[in-house]
Amino acid sequence: MSYVGEPFDLDLFFSYSHGSDKEGDPTLRGWSLAFVRELVEELRADRSFRDTLTWFVDERLDRMAPLTDQLDLKAGAAALLLVLMTPDYQDSEWCAKERAWWLAGQAARGLEPEGRVAMVRAWPVPTQWPGGVPWPAPLADRAGQPLVGYPFHAGEGRAARPLGWTQWQGEFDPKVREALLGLAADLAQRLDEVKAELDRRRGARADADKLAGAGGQTLYLHGRADQAQCWERAAGELLASGYAVLPGEPDPLERDPARQEAIRQQRVETLTECDALVLVGSNDGRAVDADLIVVGKHDRQSARSRRDRLLPCALLDMVGPPVATPVRRQTARIVQADWLDATQGPVTTVVQQWLGEKAQQAARA
């Protein structure tokens, strides 16, 4: 399993050209593999990656398995693509295939590739791609300009060589290792960002799966003590259908500001453990207005900031007109609270249908 987690099996895929002279010797392979080993060592110096970082470079190929299938699978399964850019890389059909496989893997996982390609300029390359065509994705931005990348060569003209070119058969000197630190730090930061985004998506997917269930969800049912009849009816129907309902009673009426704030803090804390928020809409229109803003917007936002949950919100209209005014409905939309009409049918049916719709929306996001 990769550090970033599902749906990626690998954190890094290294794409480079072996290069070859007239005798077919891979002139770039030795230095490239030494670069990869040094970079991985720098990354794994961070305890976060020591036992979790996964990567692929072609020296790890299974010699008994089909080459094309392996590279296709490995490239597509990597969260980040690291390219060792050289003139040979620009001319390599294999490297072009690796880029295409990596891009296809991102598309299959529904992820944009931008910001997840590191281009190490190991050799000076022409500003124009061979043949005069634009720089290919994902090595260019949306305007077609090449990625800035990471300079990793010294010298000019025919004397230009990758850093550490004369040292790779032994150990890179401290200056070369120091040059790797910035790249390693940026890769670590990007891996953390990818992991955080994937964690968020996995959490949202888990929330969506739970919302889609036929009962068993924990609902925060908000109501007021002076409208207890509506709250008790809604709570009774939901409990009878297998939903857990919190809190155990409607909110008491409090005029003391300190006590009101204590109730709000307790509400936010309870909301963090709930799957959805349902506001009971009574015949007190002004109370409904306040609940939409205070509970449906502010308290819900506070709960979501403490724990990254979907926490969908709805106003359960059990009265109809005159509470269900166009202005109040529009306010509900603005604070992202769905309006559920429970005036004509069972509360459970309306809530269950709503939760199913929220689950489908979350699955598509």
Examine segment 120-138 for a residue that is surrounded by 12 or more Cβ atoms within 10 Å (Cβ to Cβ) and in contact (Cβ under 8 Å) with a residue 60 or more places away in the chain, and state whether such a residue exists. yes
On the basis of being touching a Phe, Trp or Tyr at 6+ places or on another chain (Cβ under 8 Å), among the β-branched types (Val, Ile, Thr) and free of Cβ contacts under 8 Å to residues at least 40 places away in the same chain, does residue 57 make the cut? no
Taking the residues in segment 262-312 that are of a type in the set (Asp, Glu) and open to solvent by less than 80 Å² (accessible area, probe 1.4 Å) as candidates, determine which candidate is farthest from the chain's Cα centre (by Cα). 284
Show me the helices (runs of 4 or more DSSP H) found entirely inside segment 25-115 where at least 3 residues are open to solvent by less than 20 Å² (accessible area, probe 1.4 Å). 29-44, 67-76, 93-108
Unmet criterion (only one of (1) free of Cβ contacts under 8 Å to residues at least 12 places away in the same chain; (2) open to solvent by less than 20 Å² (accessible area, probe 1.4 Å)) for residue 255: (2)
Condition (residue is within 30 Å of residue 46 (Cβ to Cβ) and of a type in the set (Asp, Glu)) applied to segment 202-224: is it met by at least one residue? no
Is there a residue being of a type outside the set (Asp, Glu) and under 25 Å from the mean Cα position of the chain (by Cα) anywhere in segment 336-351? yes
Name the one entry in 190, 142, 202, 158 that is surrounded by 16 or more Cβ atoms within 10 Å (Cβ to Cβ), more than 30 Å from residue 240 (Cβ to Cβ) and not aliphatic (A, V, I, L, M). 190
Taking segment 116-135, which residues are in a loop (DSSP other than H, G, I, E, B), of a type outside the set (Val, Ile, Thr) and out of contact with any His (no Cβ under 8 Å at 6 or more places or on another chain)? 116, 126, 128, 129, 134, 135
Would you be able to say whether some residue in segment 241-256 is farther than 17 Å from residue 348 by Cβ, touching a Cys at 6+ places or on another chain (Cβ under 6 Å) and not aromatic (Phe, Trp, Tyr)? no
Every listed condition ((1) loosely packed, with under 13 Cβ neighbours inside 10 Å; (2) in contact with a strand residue (DSSP E or B) (Cβ under 8 Å, 6 or more places away or on another chain); (3) polar (S, T, N, Q)) holds for residue 217 save (1)
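Residue check: is residue 228 surrounded by fewer than 14 Cβ atoms within 10 Å (Cβ to Cβ) and either in contact with a Cys (Cβ under 8 Å, 6 or more places away or on another chain) or over 20 Å from residue 300 (Cα atoms) (or both)?
no
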Would you mind stating whether residue 169 is touching a residue at least 60 places away in the same chain (Cβ under 8 Å), surrounded by fewer than 16 Cβ atoms within 10 Å (Cβ to Cβ), more than 30 Å from residue 274 (Cβ to Cβ) and not charged (D, E, K, R)? yes
Tell me the residue from 304, 328, 264 that is among the basic types (Lys, Arg) and closer than 30 Å to residue 110 by Cα, please. 304
For segment 313-365, name all the residues that are exposed (fewer than 13 other Cβ atoms within 10 Å of the Cβ), closer than 23 Å to residue 206 by Cα and of a type in the set (Lys, Arg). 364
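The values are calculated or read from the model by the stated rules, or taken from the named source; none is laboratory data. Note that the coordinates shown come from a computational prediction; the quantities given were computed from them, not determined experimentally. Don't worry about glycine lacking a Cβ; one is built from the backbone with ideal geometry, like all the others, and counts go over all protein chains shown. In case anyone asks, the SASA skips ligands and DNA or RNA and just uses the protein heavy atoms, side chains included. Shrake-Rupley method; radii C 1.70, N 1.55, O 1.52, S 1.80 Å.
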